[in-house]
Amino acid sequence: MQDTAIPTLTTAPSKKGGLKSLWNHRSFRQILISRVLSNFGDSVDVIAYSWLVYLLTGSKLLMGTLFAVGTLPTIVLGVFAGVWVDRWSKKRTAIVSAVIRGAIVAGTALLYISGTIEVWHLFVLSMLLSSVAAFSNPAMMSWLPQLLSKEQIMPGNSLMASAAQTARLGGFALSGALIAWVGLGGAFGLNVLMLLLSAWVLLVVPSPRSDQEKASGNLSASRFGQELLSGFSYLIHQKMLLLIIGLATFLNFAVSPIEALEAAYVGELLEQGPSALSALSIGMAVGMIIGGLILGQIGSSVRKGTLMIAGFVIMGISIGLMPLPPLIQSPQIALIFAAGLYLLLGLSINLIASPATAYVMEETPPQLLGRVASLFNTLCLAAFPIGSALSGALAEQIQLSPLYLIMCGLVLIPTVVIVMTPKLRTLK
């Protein structure tokens, strides 16, 4: 069925940025609610999958391997998925993706309840979920610029990230009690419900005229290759866009060692237990939420270059100070200090990621945004395992405290690049 073509600008009461303006934008508010629902359900699902692997095997290695393997389809398909995303209705792609994900999770629940689930099922199901994400993520990234004015894109993207992080934090906090109360089958069922509700909320969002399908019929191999190459060709000739994508990729590369070494930092330097891991994770999540709210209110009035410089400086300082909390004798104060650094780290992530993502949305032609967004997401996602593997290898050779100082120096390099590039420094 063809989506109804209704100009969405009529649903936006104001083109100015700011939280009030965004919340009064009906279409954006509905997408925001949909995102909160799906992210809350997904966070419960992550814990449920981890616990199920542990129940089936008792292997921590398999728990980590499951999530590593689960990201591969998104990375592999991400380069190619954008061609289809650019040809399909963004609204329809987001809705169908949510329904398919719900069906996959429902299949997991049925296998578990029937007592027939095996470890290989989880690997297959996890890869299927990742395959769907290769299409849904760039579709959503391509949809927002069709709904918001240019002034609203960065505040809107920041608020969306903040709401999603809040939903994840709530899901992680409640998942343990939920699994204990309704069991794994009930936890999976809740995620199915959240995904279906998120799809239902999206159904009532009007579709802009530009969201009508641009092509019909089968896509031949030669035509697919031409459209794929046209996306690469455009990107290659956009130096500023390439630089922004490179900075966002570097951000993920720089953050991944922090997460990969978090357990070692808590155990070896802070000399504390698993509860300290939760405190640091909550600190980072709160920082990302605060950053999203701040940018949602003032982001449109501050230069993107200024925000990214501030983000990399704050990130460098917070990483460089990581060796200090272990020097404090009081374990409680040391943990509070470390959690504060993680909060600053989370804040810095939003200061860098939101302007970068907004620039990609603003400057890429709508007919190419699916391909560019797919490549953007693929590079950022691929940077995580690379950074994690390299940091793990280095941690085997040198102590953690000097390693954090090395990472601090690396993070400050982009600051120099931005300051030395006038167009990037003054980017609005």
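Rule-based calculations on the coordinates, nothing more; no lab input. Because the structure is a prediction, the values reported are computed rather than measured. Neighbour counts are summed over all protein chains in view; Cβ atoms, including those assigned to glycine, are modelled from backbone coordinates with ideal geometry.
Per-structure values
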item	result
Charge dipole of the chain about the Cα centre (unit charges at C-beta), most positive-ward option of 366, 282, 344	366
FRET efficiency for residue 405 and residue 173, using Cβ-Cβ distance with R0 set to 41 Å, rounded to 0.05	0.80
Residue order, fewest to most beta carbons within 10 Å, for 69, 255	69, 255
At R0 = 22 Å, FRET efficiency that the Cβ-Cβ distance of residue 262 and residue 324 yields, to 0.05	0.85
Reported label for calculated semi-axes √(5λ) of the Cα gyration tensor in Å given (1) 58, 36, 21; (2) 37, 22, 21; (3) 33, 29, 21	(3)
Charged-residue dipole, Cβ positions (Lys, Arg, Asp, Glu), the chain about Cα centre, Debye nearest 20	1480 debye
Gaussian network model of the chain, springs between alpha carbon atoms under 10 Å - residue of 114, 281, 301 with greatest fluctuation	114
Proximal charge balance of residue 159 [Cβ under 13 Å; K/R count +1, D/E count -1]	+3
Total lysine pairs whose alpha carbons fall under 14 Å of each other in the chain (8 or more apart, or interchain)	9
Anisotropy class of the range 295-334 from Cα gyration tensor, a/c 1.5 cut	oblate
For the range 124-148 and the range 89-104, distance of Cα centres in Å	9 Å
For 32, 147, 110, order by how many other beta-carbon atoms lie within 10 Å, fewest first	110, 32, 147
Computed over the range 226-425, Kirkwood Rh from alpha-carbon pairs, angstrom	17.7 Å
Residue among 114, 241, 261 farthest towards the positive dipole end of the chain, charges placed on Cβ	241
Gaussian network model of the chain, springs between alpha carbon atoms under 10 Å - residue of 200, 120, 51 with greatest fluctuation	120
Most fluctuating residue given options 138, 414, 331, as computed from a GNM of the chain linking Cα atoms under 10 Å	331
Electrostatic dipole magnitude of the range 53-134 [Cβ: Lys, Arg +1; Asp, Glu -1; Cα centre; debye, to 20]	320 debye
Stretchable slack from residue 76 to residue 114, in nm (0.36 nm times residue separation minus alpha-carbon distance)	10.4 nm
Inter-label distance, nm, simple model (7 Å from Cα along the C-beta direction), residue 333/residue 389	4.3 nm
Only Lys, Arg (+1) and Asp, Glu (-1) charged, at Cβ; the range 226-425 dipole about Cα centre in debye	680 debye
